[in-house]
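Peer 1: Submitted below is the structure of interest, expressed as structure tokens.
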Amino acid sequence: MRQSRLFTKTRREAPKDEVSKNAQLLIRAGYVHKEMAGVYSYLPLGLRTLAKIEAIIREEMDAIGGQEVRMATLHPSEPWKQTGAWDSVDVLFKLQSRTEKEYALGQSEEEIVTPIAAQYVQSYKDLPVAIYQIGQKYRDELRAKSGIMRGREFGMKDMYSFHETQQDFDRFYAAVKKAYFKIYERCGLVAKATEASGGAFSEKISYEFMVLTDAGEDDIVYCSSCDYCSNVEVAKEGEGELCPRCGKDHLKKAKAVEAGNVFDLGQKYPKAFNFTYKAEDGTDKHPIVGCYGIGTSRLMGTVVEVFADEKGIVWPASIAPFTVHLVELSGGNEDVKKEADELYSDLTAHGIEVLYDDRDVRAGEKFADSDLLGLPLRVVVSEKTLAAGKFECSHRAGGKTEFLSAAELLEHLRPPYA
């Protein structure tokens, strides 16, 4: 992609009405456009990053047997009234059409997925089954904040699984937990699984996946010696107390952002919709349901919050919109321009994603924009590099700079580049 043809441009100043780091940087860099509080449009660079996050999630959900669907986001009011959520869920957007019928914008999918599953799960032989979708959600937040990390419209992966027994749910939950940790790791993050109350979704204990960051809205206590972690609201032990799991270390308190969750919904929704299957002994039984969510746009914002520095965004290679930011500093030298054009063609021919800054602007502006955009590797072509026969390659994370020939650069960028 030639930057001279890129739809968006960078901004020097952050929007005055944005206080969160992720919103300020993503808007300045042209990744997103704010429509109103809690609602953002994703522009070409932002959409590329979001699509890569979704692709990672999709791969890991497929690997554990999830089957992807696309459920409606405009819901009839009847199933919401049938479960009682129409009146009890305060963030539900409610609409009335010209026909005087009432509808809801999906803030979750239990009321939709349960009747769908009931159509196809009729016997114990049809269980277990897990279906998921990646799409938009809508919640009437009174105070949308934290940029794309808490909005009124946001991206989400939600999966629902149906089981014969609690033991089978526990088995599948363990597989999902492992997959979630892989997702966060592939996105460059370290997450901890905490226990929390189920809130509006379930009366049982739920599990939340937390990423430590000062931008988080949750307070957690965790152990550095084992995987113990708990939300402060439900933790029996507090900061400074000995870890109840391993007993080797004292608990630490930290701010964290919820980057995913799982709810044991039990038989609540099957009972509400009279959804039963024929068990092996011939009796009719309600399946046990699990719900598993990851906010895709929230994950994107979390990465910005965790890794950004004073110069701008720092993307992990796995989700960066482009791997290489090729910066041409020709200063009118046609030989330098030709060298940069040839390198661009060579890299793209090898399947490497390149944003090529071929704009006729000052070097300082190009470098500032490069730091702000946060692509993993900046490759500079100039009179100096042309004379040396090697390109100046700078890693955005850590700032390491090395000089590589075209062949060395291609070898360096061989998958998996990190």
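Peer 1: Considering every residue within the range 385-399, establish whether at least one is more than 23 Å from the chain's Cα centre (by Cα), surrounded by fewer than 20 Cβ atoms within 10 Å (Cβ to Cβ) and basic (Lys, Arg).
Peer 2: Looking through the range 385-399, at least one residue is more than 23 Å from the chain's Cα centre (by Cα), surrounded by fewer than 20 Cβ atoms within 10 Å (Cβ to Cβ) and basic (Lys, Arg).
Per-residue answers, yes or no, for (1) closer than 17 Å to THR10 by Cα; (2) touching a residue at least 40 places away in the same chain (Cβ under 8 Å):
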| site | (1), (2) |
| --- | --- |
| HIS325 | yes, yes |
| VAL336 | no, yes |
| LEU355 | yes, yes |
| GLY364 | yes, no |
| ALA387 | no, no |
| GLY398 | no, no |
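Peer 1: Return the residues of the range 41-82 that are among the hydroxyl-bearing types (Ser, Thr, Tyr), over 15 Å from the mean Cα position of the chain (by Cα) and surrounded by 15 or more Cβ atoms within 10 Å (Cβ to Cβ); say none if nothing qualifies.
Peer 2: Residues of the range 41-82 that are among the hydroxyl-bearing types (Ser, Thr, Tyr), as a first pass: 41-42, 49, 73, 77.
Cutting the leftovers down to over 15 Å from the mean Cα position of the chain (by Cα) gives us 41, 73, 77.
Across the range 41-82, the qualifying residues are THR73, SER77.
Peer 1: Filter the range 215-246 down to the residues that are among the acidic types (Asp, Glu), without any contact (Cβ under 8 Å) to a residue 60 or more places away in the chain and in a loop (DSSP other than H, G, I, E, B) and list them by number. Spell out how you get there, then give the answer.
Peer 2: Let us first name the residues in the range 215-246 that are among the acidic types (Asp, Glu), namely 217-219, 227, 233, 237, 239, 241.
Those left that are additionally without any contact (Cβ under 8 Å) to a residue 60 or more places away in the chain: 218-219, 227, 233, 237, 239, 241.
Result: ASP227, GLU233, GLU237, GLU239, GLU241.
Peer 1: Is there any pair linking a residue in the range 89-106 that is touching a residue at least 40 places away in the same chain (Cβ under 8 Å) to one that is charged (D, E, K, R), with Cβ under 7 Å and at least six apart or on different chains, and which?
Peer 2: Listed by first residue and then by second, the contacts come to VAL91/ARG139; VAL91/ASP140; VAL91/GLU141; LEU92/ASP140; PHE93/ASP140.
Peer 1: Of all residues being among the aromatic types (Phe, Trp, Tyr) and assigned to a strand (DSSP E or B) in the range 132-169, which is surrounded by the fewest Cβ atoms within 10 Å (Cβ to Cβ)? Just the residue, please.
Peer 2: TYR138
Peer 1: A further question follows. Which numbered condition in (1) under 17 Å from the mean Cα position of the chain (by Cα); (2) surrounded by fewer than 16 Cβ atoms within 10 Å (Cβ to Cβ) is the only one that GLN119 fails?
Peer 2: Looking at each condition in turn, GLN119 falls short on (1).
Peer 1: When you scan the range 16-33, do you find a residue that is in contact with a Ser or Thr (Cβ under 9 Å, 6 or more places away or on another chain) and surrounded by fewer than 16 Cβ atoms within 10 Å (Cβ to Cβ), even just one?
Peer 2: First, pick out the residues of the range 16-33 that are in contact with a Ser or Thr (Cβ under 9 Å, 6 or more places away or on another chain): 19-20, 22-23, 28-33.
Keeping just the survivors that are surrounded by fewer than 16 Cβ atoms within 10 Å (Cβ to Cβ) gives 19, 33.
So far as the range 16-33 goes, yes, one or more of its residues are in contact with a Ser or Thr (Cβ under 9 Å, 6 or more places away or on another chain) and surrounded by fewer than 16 Cβ atoms within 10 Å (Cβ to Cβ).
Peer 1: Which ranges mark the helices (runs of 4 or more DSSP H) fully within the range 25-131 that have 3 or more residues being at negative phi and of a type in the set (S, T, N, Q)?
Peer 2: Numbers: elements: 44-63, 77-83, 85-88, 110-120.
Of the helices (runs of 4 or more DSSP H) lying wholly inside the range 25-131, those with at least 3 residues that are at negative phi and of a type in the set (S, T, N, Q) span 77-83.
Peer 1: What number of residues within the range 112-126 are more than 19 Å from ASP62 (Cβ to Cβ), touching a residue at least 60 places away in the same chain (Cβ under 8 Å) and in contact with a helix residue (DSSP H, G or I) (Cβ under 9 Å, 6 or more places away or on another chain)?
Peer 2: Residues that pass the stated criteria total 4.
Peer 1: Check CYS291 against each of (1) of a type outside the set (A, V, I, L, M); (2) in contact with a Leu (Cβ under 6 Å, 6 or more places away or on another chain); (3) more than 30 Å from ASN22 (Cα to Cα) and name the one condition it does not meet.
Peer 2: (3)
Peer 1: Determine which member of the set ASP346, ASP341, ASP335 is farther than 19 Å from LEU409 by Cα and surrounded by fewer than 20 Cβ atoms within 10 Å (Cβ to Cβ).
Peer 2: Working: ASP346 fails: farther than 19 Å from LEU409 by Cα; ASP341 fails: farther than 19 Å from LEU409 by Cα.
Unique residue meeting the criteria: ASP335.
Computed from the coordinates by the stated procedures, all read-outs in this text should not be read as laboratory data. Just so you know, these numbers come straight off a predicted model, no measurement behind them. Neighbour counts are summed over all protein chains in view; Cβ atoms, including those assigned to glycine, are modelled from backbone coordinates with ideal geometry.
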